[in-house]
1. Cut-off 20 Å, label point 7 angstrom out along Cα-to-Cβ of Ala28: give me the residues of region 46-68 whose amide nitrogen falls inside.
2. Quick one: what are the phi-derived ³J(HN,Hα) couplings along region 75-83, Karplus 6.51/-1.76/1.60 with θ = phi - 60°, whole Hz, x for glycine and proline?
Amino acid sequence: MQTEENGAAVVPLMRCPEFTQRLLRPDADGAARLDDSCDDVLYVVSGRGRVTVGGENRDLELGNAVFVARGTAWSIDAADDLRLLSVLVEDPLPADASHAVIGTGER
């Protein structure tokens, strides 16, 4: 298991030229994360938590997904056994929207 710069646990799953998949076990430290080179899709695979993306706060639970456009700051503000599948998308070009949170059952 690897760690992010802030010490949160990271398990690399798959890497290809277009994207990287990893499993995150984030700490609820409120530390801002930001990636200027990749969009990030975060999918809750277990636990609960709270995320701030682009200044917007949302609760997280199993099945929720969060889109974070490259260059957008995000942080985990609360985590109860939270596990996230992270897909870092290097291609296509940056999205027009800064972020989107998709709840269970929404399309």
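Where a number appears in this text, it was derived from the coordinates with a stated rule and is not lab data. Everything numeric in this text was worked out from a predicted model, so none of it was measured. For neighbour counting, all protein chains shown are included, and Cβ atoms are generated from backbone atoms with ideal geometry for every residue, glycine included.
1. 46-66
2. 8, 9, 9, 8, 8, 10, 6, 6, 10
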